[in-house]
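The values are calculated or read from the model by the stated rules, or taken from the named source; none is laboratory data. These figures come from a predicted structure and were not determined experimentally. Counting neighbours? That spans all protein chains shown, and the Cβs are built from the backbone with ideal geometry, glycine included.
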Amino acid sequence: MFLGMFRTTFFLVSICCCSFYWCHGCLEEERTLLLQIKDSINYPGGSSLGEYWVGKNCCQWYGVDCNPSSFRVISIDLYDVREEGLGLWYPNTSLFAPFKELKELDLGGNHIGGWVMPQAFSGMRSLRKLYLFSNNLSASIDSLRGICELTTLRVLYLDENRLNDHSIPKCFGNLSLLEELSLSGNELKGNLPAFPEMQSLRMLDISSNNLSLGIDSLRGLCGLRNIRNLDLSYTNLDERAFLRLCLSNLSKLETLSLLDNDLGSYSIALTGICELTALRVLDLSWNKINDHSIPKCWGNLSSLEKLDLWDNKLKSPFNSLTANNSYVGSIPQCFGNMNSLRRLSLSYNQFTGTIPSSIFQNLTNLMVISTSHNQFNDSISFSTFANLSKLIHIDLSDNARLEVETEHPHWVPTFQLQSLFLSNCILNKGGGSGIPTFISIQQSLETLDLSHNFLKGTIPSWLLNNLTVGSLILGGNLLKGPFPQSTQRNNSMLQELDVSDNFIYGELPSNINTLFPNLIVFNMSKNELQGTIPVSISKLQKLGMLDLSQNNLFGEMPHGLISRNNTSLKFLRLSNNKLQGNILPKFPNMTKLVVLLLDNNGFTGAIASNMLSSPSLKILDLSKNNLSGFIPSWLPLLTNLAILHLDGNFFNGPIPSEVCQMQNLHILDLSNNKISGSIPSCLPNISSWMKEISINVDIFHPRVTTILTTKGMTLTYEGLPLSLMTIIDLSMNQLTGNIPSQMGDLKALHSLNLSNNILSGPIPESFQNLESIESLDLSHNKIVGTIPPQMVQLYKLSIFNVSFNNLSGAIPYEKQFSTFKESSYTANPHLCGPPLQRSCSCNNSSQPRDNKGEEEEEDDSTILDSPLFFFTCGWLLHIFWDFGVSLPFSPTSTGDGSSLVQWTGALIAAI
């Protein structure tokens with residue numbers, strides 16, 4: 001008892017002394033070393049770790065872990081802490097060696113080019129894990145030699161260091177205890193003699209190299225008899241290189257990844273896989289594997305748990321395998337022999353026919369079935385999967401001709417799914433096209449996608465009341481009726497609800513925030529909703545995407561929708577409704593908003609500067625409303641704005657020159673307004689119109705669509721095509737003056753529309769530099785002069801319209817311009833040559849008169865037709881003849897009246 005009390009007392013005293021006298025949770029010598037490492041990372045003049053590595057207890061610093069008993073540092077995580085602008089970093093290894101218990105060191109992503117005192121690695125006897133990926137160790141040929149001293153090392157990651165075969169020292173063979181080695185993303189060709197000496201190696205990743213360049217690139221791997229996981233993805237393997245792998249020696253291999261190589265036509269090479277009897281995971285995605293590549297012996301891979309043949313060229317594969325079976329179809333019976341199979345992935349191929357039910361009878365361990373994005377064209381019943389009790393994931397989506405029946409024959413599922421994808425197939429055609437009823441007893445379901453299936457009927461309330469579903473996608477069906485009523489309160493896990501493109505009518509629930517408090521994505525677009533937008537939507541604190549477009553909603557936008565505190569809204573689309581009032585509330589808070597689409601409504605007023613609360617905004621569409629006032633000069637403060645639609649409103653005044661500061665602008669549409677003044681000559685300052693720069697594709701989720709008018713057509717753009725599109729549309733305004741010649745510098749511009757204005761002057765010759773232009777419309781203006789012949793070099797130009805102008809001269813009818821029809825040049829009376837019927841005679845090639853001249857010509861014609869004109873001329877001629885006045889030329893008519901007019905003019909001048 002006394003001994004116990006003594007120990008307790010000693011422990012308490014130790015804690016007190018440690019707290020108040022000498023102990024700070026880490027050794028002072030190691031704290032000093034960490035501060036020196038911090039200075040080295042920051043050199044010269046960086047600020048990394050400045051706010052983290054402060055205080056006396058270094059065990060509480062960012063990325064530092066200590067042994068709770070000895071208070072010594074056991075782990076240092078410095079991933080990606082050195083600033084790129086500081087250049088290469090050459091750490092002093094002697095700063096790490098004194099950490100006697102250091103077991104794990106992560107220096108990845110720090111632009112390391114080599115080491116100072118690499119021999120100090122020999123002192124790091126406790127180090128087990130070293131992460132050096134994403135550096136530049138190829139900068140020094142001896143940068144890896146010091147690592148050979150780490151003879152106790154178990155894990156080494158050297159990914160993405162630009163290493164080649166000469167960068168790997170032979171002494172790597174000293175790392176005999178190494179179990180994991182990653183060399184992916186380098187410049188290796190495969191001549192790596194150290195591998196045979198690494199007998200403890202269990203995981204080797206040499207993906208994303210160019211192993212096909214080394215004739216014996218894989219022979220060095222033949223001795224790795226303990227290897228369990230081998231990744232050779234993205235290595236440009238061919239049959240010759242693959243056969244040198246000696247697969248028969250790798251009898252313990254469990255995972256083999258061969259993504260994106262060139263093994264598709266080599267059945268001999270793939271036969272070697274049959275030797276891998278312990279194989280559990282085989283990934284052959286993106287290998288161009290065809291129907292004749294797969295060998296018969298694959299049916300012997302009884303330990304295989306995951307088989308991934310995603311995105312190959314399989315149609316009716318394995319014909320050789322099924323020759324002795326009665327089965328005829330696209331998936332072979334031999335798959336049924338793989339009793340250990342847990343994951344079967346055959347997506348993104350060209351399978352046809354049916355999915356045979358017989359192969360699933362023995363696959364009782366199957367957890368994942370994925371056959372999406374194929375061309376199956378028969379039918380399958382879900383009763384086929386009834387006894388697969390371990391199933392958690394089924395994906396049969398995007399087989400547009402596959403009939404899926406879930407109601408007949410009667411069956412009872414033994415599985416509890418986590419995810420079910422049945423989009424874009426033919427669901428329950430024989431049973432009324434209703435929502436599958438077995439879903440009502442799935443208590444673990446998290447993701448359900450039944451979109452684009454022509455489903456009919458109403459949405460059952462039990463579907464929305466499922467407490468586990470986080471994502472429910474029912475878009476693109478024929479569902480009708482009002483939004484289902486629910487008694488659910490606050491316990492729904494639903495985060496994504498997509499019921500777009502159906503026939504749901506009535507009003508949205510007034511208590512939607514209590515029905516679905518965790519909602520992040522809400523899409524009810526393309527329905528028949530009526531009424532106002534409920535204020536309760538403003539109370540969905542996690543809402544990031546809201547799409548209520550193409551409905552019959554009216555009233556004002558709820559002010560709280562974009563003015564509440566800490567809004568997470570990134571995407572807001574209310575297009576094509578009947579909304580009114582001001583475009584935005586007075587005090588918006590849209591700091592994260594990226595996409596704002598409010599087009600085709602009845603909003604009024606001007607665009608207020610409160611929109612500046614959205615610095616992340618990239619797409620803004622306010623077109624086809626009743627907005628007025630000037631185009632705001634503060635728009636450039638939205639520095640990320642890439643697409644701006646203000647067309648179809650009542651804006652007036654000039655285009656502000658500040659628009660030229662919008663360096664990320666790809667699409668500018670100000671058409672169909674009352675804008676006046678001249679076109680700013682500074683538009684070429686916008687870099688995105690001068691060189692190809694795509695908008696950040698991350699924002700172009702499939703839901704982001706924009707209607708653009710180009711090439712004479714109005715089309716809907718989305719995804720990558722939208723991110724690359726560049727357009728200027730200033731048509732149907734009151735712009736005057738010349739077209740700035742600087743616009744010819746917009747080499748990345750795809751479409752330019754300046755039609756239906758009052759522009760004058762010539763077509764700039766600089767337009768020959770619009771090398772990316774596909775559509776150019778200058779019609780309905782007062783443009784004069786000739787069409788620059790150099791423009792025939794614009795080989796991408798497919799739509800060209802200069803009709804209803806005052807152009808003259810011969811049309812350059814060659815190369816791309818030989819494809820344009822007469823309608824491109826209509827109502828230019830002084831243009832000539834093909835495709836017009838007017839030939840280019842000397843009379844037709846003369847320059848056109850201006851409007852005043854045309855009026856004078858009309859007056860001349862009137863005078864010539866007047867009897868008084870001929871009486872007066874006859875009287876004057878008689879007087880001149882009597883007095884002997886000499887006329888400058890003969891008044892002989894040429895038939896067109898021109899000589900007579902000239903003679904009359906001279907006669908009057910003489911008087």
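Observations on the model:
- Members of region 430-475 that are closer than 17 Å to Phe382 by Cβ and in contact with an Asp or Glu (Cβ under 6 Å, 6 or more places away or on another chain): Gly431
- Checklist (1) over 19 Å from Leu156 (Cα atoms); (2) at pLDDT 95 or above; (3) not acidic (Asp, Glu) applied to Leu102, failing item: (1)
- For Glu149, the test of being under 30 Å from Leu284 (Cβ atoms) and at pLDDT 85 or above is failed.
- Verdict on Leu776 being buried (at least 17 other Cβ atoms within 10 Å of the Cβ) and either touching a helix residue (DSSP H, G or I) at 6+ places or on another chain (Cβ under 8 Å) or more than 30 Å from Asn664 (Cα to Cα) (or both): yes
- Test: residue in region 376-395 that is closer than 16 Å to Ser347 by Cα and out of contact with any strand residue (DSSP E or B) (no Cβ under 7 Å at 6 or more places or on another chain): yes
- The number of residues in region 361-375 that are closer than 18 Å to Ser340 by Cα and in contact with a strand residue (DSSP E or B) (Cβ under 8 Å, 6 or more places away or on another chain) comes to 6.
- Restricting region 65-93 to residues that are within 14 Å of Leu127 (Cβ to Cβ) and polar (S, T, N, Q) leaves a set whose member that is surrounded by the most Cβ atoms within 10 Å (Cβ to Cβ) is Thr93.
- Considering residues of region 121-150 that are of a type in the set (Ser, Thr, Tyr) and within 19 Å of Ser182 (Cβ to Cβ) only, the residue surrounded by the most Cβ atoms within 10 Å (Cβ to Cβ): Ser143
- A single member of Arg162, Arg125 is farther than 23 Å from Asp262 by Cα, in a loop (DSSP other than H, G, I, E, B) and touching a Lys or Arg at 6+ places or on another chain (Cβ under 9 Å), and it is Arg125.
- Of residues in region 397-419 being surrounded by 16 or more Cβ atoms within 10 Å (Cβ to Cβ) and of a type in the set (Ser, Thr, Tyr), the one nearest to Thr468 (Cα to Cα): Ser419
- Evaluation of Gly146 against the conditions (1) part of a loop (DSSP other than H, G, I, E, B); (2) at negative phi shows that the sole unmet condition is (1).
- Qualifying residue in region 637-653 (condition: of a type in the set (A, V, I, L, M, F, W, C), farther than 20 Å from Leu749 by Cα and not assigned by TED's automatic domain parsing to the domain that holds Thr726): yes
- Residue check, Ile667 touching a residue at least 24 places away in the same chain (Cβ under 8 Å), within 14 Å of Leu730 (Cα to Cα), in the same structural domain as Met725 (by TED's automatic domain parsing) and of a type in the set (A, V, I, L, M, F, W, C): yes
- Residue tally, condition farther than 20 Å from Ile727 by Cβ, in contact with a helix residue (DSSP H, G or I) (Cβ under 8 Å, 6 or more places away or on another chain) and not in a loop (DSSP other than H, G, I, E, B), over region 800-815: 1
Okay, residues lined up against (1) out of contact with any strand residue (DSSP E or B) (no Cβ under 7 Å at 6 or more places or on another chain); (2) at pLDDT 95 or above; (3) over 15 Å from Gly476 (Cβ atoms):
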| position | (1), (2), (3) |
| --- | --- |
| Asn491 | yes, no, yes |
| Ile504 | no, yes, no |
| Pro509 | yes, no, yes |
| Asn518 | yes, no, yes |
| Asn523 | no, yes, no |
| Gln530 | no, yes, yes |
| Lys539 | yes, no, yes |
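Residue-wise test of (1) in contact (Cβ under 8 Å) with a residue 40 or more places away in the chain; (2) at positive phi.
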residue: Leu593; (1), (2): no, no
residue: Gly602; (1), (2): no, no
residue: Gly605; (1), (2): no, yes
residue: Ser613; (1), (2): no, no
residue: Leu627; (1), (2): yes, no
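- Note on region 541-625: no enclosed strands (runs of 3 or more DSSP E) hold 1 or more residues that are surrounded by 18 or more Cβ atoms within 10 Å (Cβ to Cβ), modelled with pLDDT under 90 and basic (Lys, Arg).
- Subset of region 33-64 that is loosely packed, with under 13 Cβ neighbours inside 10 Å and hydroxyl-bearing (Ser, Thr, Tyr) - its residue that is modelled with the lowest pLDDT: Ser47
- Subset of region 747-757 that is within 25 Å of Lys674 (Cβ to Cβ) and in contact with a strand residue (DSSP E or B) (Cβ under 8 Å, 6 or more places away or on another chain) - its residue that is surrounded by the fewest Cβ atoms within 10 Å (Cβ to Cβ): Ser751
- Which numbered condition Ile787 fails, given (1) surrounded by 17 or more Cβ atoms within 10 Å (Cβ to Cβ); (2) under 23 Å from Lys691 (Cα atoms): (2)
- Answer residue from region 103-130, given it is at negative phi and of a type in the set (Gly, Ala, Ser) and is nearest to the chain's Cα centre (by Cα) among those: Gly108
- Matching option when the condition is surrounded by fewer than 20 Cβ atoms within 10 Å (Cβ to Cβ) and under 32 Å from the mean Cα position of the chain (by Cα), among Phe522, Phe516, Phe503: Phe503
- Condition met for Ser303 (under 30 Å from Cys246 (Cα atoms), at pLDDT 80 or above, in contact with a His (Cβ under 9 Å, 6 or more places away or on another chain) and not in a helix (DSSP H, G or I)): no
- Matching residues, region 425-462, being of a type outside the set (A, V, I, L, M, F, W, C) and buried (at least 20 other Cβ atoms within 10 Å of the Cβ): Asn428, Pro436, Asp449, Ser451, His452, Asn453
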